[in-house]
């Protein structure tokens, strides 16, 4: 169902002639299985693998139903893929993975990664991730992504061969460092702020919702006690017996109905979680903009100071404080030859500096342009998806109310026969 | 003679002030000596049997009258209407207490007027209940609300407590009024109509402390001895009473638990709406649907609050009444057993003693009558009580189910209007402002 949804969304996309992978290929994460094996430190571990199935789109429409190609991947491989994409496309809002560990749980849900419900929801989340990437105008044509879907063996090596790790390390260092940008693009500053707010408010919503779900569970389940007691009571009554007994059954049904209701709500929570993690990806892009902007500003600052030095040397005035200036004051001026040499060196540096600034400027502009396109795309996607999520939440509430109406009407009939 | 009769005698006792007074022009007379039911001036009562003087004389006819298995209590045939309302606080030097207005409208000929209005306090109700139980030990008197609620440390003068009590007192009097035997009790009539001075002096009549002590001693003796030949039907009733008591207590507990869980759910739900509203402040396109959802959640909160209130105000009091009823059933059966035990003792005594045989035979005949009356009264009233219980509980559960349906229907409407607004928005193709 989600596939078709994604496919149709693909056709609604802006009219850039991008060959979206999703238009050519059906992708799904069909199954999950437990495996045991030796890990990196030669210890036994149990982990889950997920079956990725792919099939060319045309095959289905031709009427034939060939067996899909498939391969198994574990969560860590998905993580590797995502990290690769993050480093390779820093200007894109890269779709997030489902959570590594179960968070925002309410008491009935297990926080255990091996719990079948968690595994199932993760399977859905991983499929969603793949579909998101495959329907992204830029990401879907990535070769590493394609081989992730199609080449079981040797994929890891291929990824490492791209050398993205090196870039990753330096970027990570830079991102974690604190630096101040003098002239950030206002739009990105606003986006970063929005990302912060979105993350905060969705976290709060998930927390509150989980607690409310916990309580609602309690309300429904206690009604099950009515079922038991009514049944016992009906045994000692003559005329009231039948009415009580059947009312009791409806109370049991009411108590049992909460399981389905809350399971559906978990899907809603998962939709919110996706955008909680998307907020993080958005903030990462804004941070990367800051980084490129910072590097540009540093280069420009450096160039300016070098130019100033040149001016001072040329005119003989010392406006900037420098150790050289002090020492030359103390120990006398330099010889004209020394000054000549210095000037020449500065000129070279200035030339190089201007090149660098040009480069960085271009980098910055390019980044801003590409990133902003993707951010706009992301905004549209987010508005659409979250609105759909709210609508589906309303539909869930309606379904819950309808069930309630039915049960209590039935109970009422039984009571009236008491 | 129509018109209302109200009490306007001035108290000659200690001063008491009624706060607030919306019964203008009338001075409420509360004699604090009411509290102390002391020794009666009448000490001629030597044995318990004359307690039942009022019923003894017509016991035979009463048994015949007491055939109301066929009787239907139609609203049409109801000829007495009693209301309990308007609680008011009274402060004296010694204590503070609440009185309730008791209004009676009736067409019965034994009443001097068709409308009465008096003020009564809880102790007066206790007195009435005691009198009815004394007069008819094997009839089932509807329970009064408890004297003091220890659970949850509810204050005596807390608004909710007063309202709960008022409602229970109202039900109590109405149950009495509906009862074929109780409603023609002289004590009941006096309770409904007498001025407080009159009531006070009436209370002082009747079996005093000493004779009641005598009864109690006898009852204890009989209880200790136990009953030997209890008819099976009463054993069945005993078993029923035990089982019913357990079940109704369970249901009471379950219901209270539901209320607690609902309240906790409500606390959490109350935070959801504001969170959606907060989120809407960061959004542009999404602001409208988010604000809308916030509104929907808040509305559902209100509905949940109402639903909990209904449970608290309607189902829980009824269940509680019947928990107390279960105890009454057991007490009534015990008293019947005591009468039978008394009869058995006297029968044995007659068989063994040689002297005083005539006096003892008279005594025995009286007790035998008493036993027969008690058994028949109990059987009839038991059936009557079961019918009443069935009606009351059926109605209470029915109302609860209906209320729950209504709750879900209201929430359903809230969410459907949200959906509707989103559909309209989508058809309008985007940026329609719904603020």
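Of B:108, B:120, which residue is within 17 Å of the chain's Cα centre (by Cα), outside any helix (DSSP H, G or I) and at pLDDT 50 or above?
Working: B:108 fails: within 17 Å of the chain's Cα centre (by Cα).
Of the residues listed, the single one that is within 17 Å of the chain's Cα centre (by Cα), outside any helix (DSSP H, G or I) and at pLDDT 50 or above is B:120.
Annotation note: of A:269, A:299, A:284, A:279, the sole residue that is in a helix (DSSP H, G or I), touching a residue at least 40 places away in the same chain (Cβ under 8 Å) and closer than 19 Å to residue A:352 by Cβ is A:299. Only one entry of B:381, B:298, B:365, B:356 meets the criterion of being more than 11 Å from chain A (Cβ to nearest Cβ), over 30 Å from residue B:413 (Cα atoms), under 39 Å from the mean Cα position of the chain (by Cα) and surrounded by fewer than 21 Cβ atoms within 10 Å (Cβ to Cβ), and that entry is B:365. A single entry from B:315, B:329, B:333 fulfils the requirement of being part of a helix (DSSP H, G or I), within 24 Å of the chain's Cα centre (by Cα) and over 26 Å from residue B:231 (Cβ atoms): B:315.
Scanning segment A:238-253 for residues that are more than 8 Å from every other protein chain (Cβ to nearest Cβ) and surrounded by fewer than 21 Cβ atoms within 10 Å (Cβ to Cβ) turns up A:238, A:241, A:242, A:245, A:246, A:249, A:252, A:253.
Of the residues B:267, B:288, B:303, B:283, which is without any contact (Cβ under 8 Å) to a residue 12 or more places away in the chain, within 11 Å of chain A (Cβ to nearest Cβ) and assigned to a helix (DSSP H, G or I)? Show your work before the answer.
Values: B:288 fails: without any contact (Cβ under 8 Å) to a residue 12 or more places away in the chain; B:303 fails: without any contact (Cβ under 8 Å) to a residue 12 or more places away in the chain; B:283 fails: assigned to a helix (DSSP H, G or I).
On inspection, the qualifying residue turns out to be B:267.
Restricting to segment A:134-143, name every residue that is in a helix (DSSP H, G or I), in contact (Cβ under 8 Å) with a residue 60 or more places away in the chain and crowded, with 19+ Cβ neighbours inside 10 Å. Quick ask: steps written out before the conclusion?
Step one: list which residues in segment A:134-143 are in a helix (DSSP H, G or I), which gives A:134, A:139-141, A:143.
Subsequent filtering for residues that are in contact (Cβ under 8 Å) with a residue 60 or more places away in the chain retains A:134, A:140-141.
A:134, A:140 - these are the residues of segment A:134-143 that are in a helix (DSSP H, G or I), in contact (Cβ under 8 Å) with a residue 60 or more places away in the chain and crowded, with 19+ Cβ neighbours inside 10 Å.
In segment A:203-218, of all residues being facing chain B (nearest Cβ under 8 Å) and crowded, with 22+ Cβ neighbours inside 10 Å, the one that is farthest from residue A:382 (Cα to Cα) corresponds to A:216. Of B:329, B:350, all but one fail to be assigned by the TED database to the domain that holds residue B:413, in contact with a helix residue (DSSP H, G or I) (Cβ under 8 Å, 6 or more places away or on another chain) and either buried (at least 19 other Cβ atoms within 10 Å of the Cβ) or within 18 Å of residue A:215 (Cα to Cα) (or both); the exception is B:329. Answer yes or no as to whether residue B:232 is modelled with pLDDT of 95 or more and out of contact with any strand residue (DSSP E or B) (no Cβ under 9 Å at 6 or more places or on another chain). No, not satisfied.
Can you find a residue in segment A:187-196 that is within 9 Å of another protein chain (Cβ to nearest Cβ) and under 27 Å from residue A:406 (Cβ atoms)? No, every residue in segment A:187-196 fails to be within 9 Å of another protein chain (Cβ to nearest Cβ) and under 27 Å from residue A:406 (Cβ atoms).
Within segment B:404-419, restricting attention to residues that are facing chain A (nearest Cβ under 7 Å) and free of Cβ contacts under 8 Å to residues at least 12 places away in the same chain, which residue is farthest from the chain's Cα centre (by Cα)? Step by step, filter segment B:404-419, then rank; the result is B:419.
The values are calculated or read from the model by the stated rules, or taken from the named source; none is laboratory data. A quick note: this is a predicted structure, and the numbers were derived from the prediction, not measured. So basically every Cβ, Gly included, is an ideal-geometry build from the backbone, and we count neighbours across all protein chains shown.
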